[in-house]
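Step one of this worksheet: look at the structure below.
The values are calculated or read from the model by the stated rules, or taken from the named source; none is laboratory data. Every value quoted in this text rests on a predicted model; they were computed, and no experiment measured them. All Cβ positions, glycine included, derive from the backbone under ideal geometry; neighbour counts span all protein chains shown.
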Amino acid sequence: MKRKSVTNKSSKPRKKSKVVAKPPEEEYSEEEKTVRAFDTNMKYGPCLGITRLQRWERAHKLGLNPPMEIKTLLESHKVEAQSLWHNKLTR
């Protein structure tokens, strides 16, 4: 008895995954660029799971002297409340 060769190839065509393009840096406002720089500065501790304002407040309580400009921007609601890492990393 001859065996049929088994392949893992599906008869259905595979769907291509969508690649979401990141907006060029020029598309961010100066305010957003400023808070994004804050997001990437590890001097103020991790930013996952908390808002930017919560991170600023924690850094302030710990005596890390986060820039007052960041708090002002966050309270003005001209920038996103969540860090640039929000919904980007999985647990």
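Exactly one of these conditions fails for Arg55: (1) out of contact with any Cys (no Cβ under 7 Å at 6 or more places or on another chain); (2) modelled with pLDDT of 90 or more. Give me its number.
Result: Arg55 fails condition (1) only.
Which residue out of Lys18, Lys78 is over 17 Å from the mean Cα position of the chain (by Cα) and either modelled with pLDDT under 90 or hydroxyl-bearing (Ser, Thr, Tyr) (or both)?
One residue alone meets the criteria, Lys18.
Pull up segment 52-64, narrow it to residues that are under 16 Å from Thr34 (Cβ atoms) and not small (Gly, Ala, Ser), then point me to the one that is surrounded by the fewest Cβ atoms within 10 Å (Cβ to Cβ).
Filtering segment 52-64 for residues that are under 16 Å from Thr34 (Cβ atoms) and not small (Gly, Ala, Ser), the one surrounded by the fewest Cβ atoms within 10 Å (Cβ to Cβ) comes out as Leu53.
Scan segment 26-57 residue by residue and report those that are among the charged types (D, E, K, R) and touching a Pro at 6+ places or on another chain (Cβ under 9 Å).
Result: Lys43, Arg55, Glu57.
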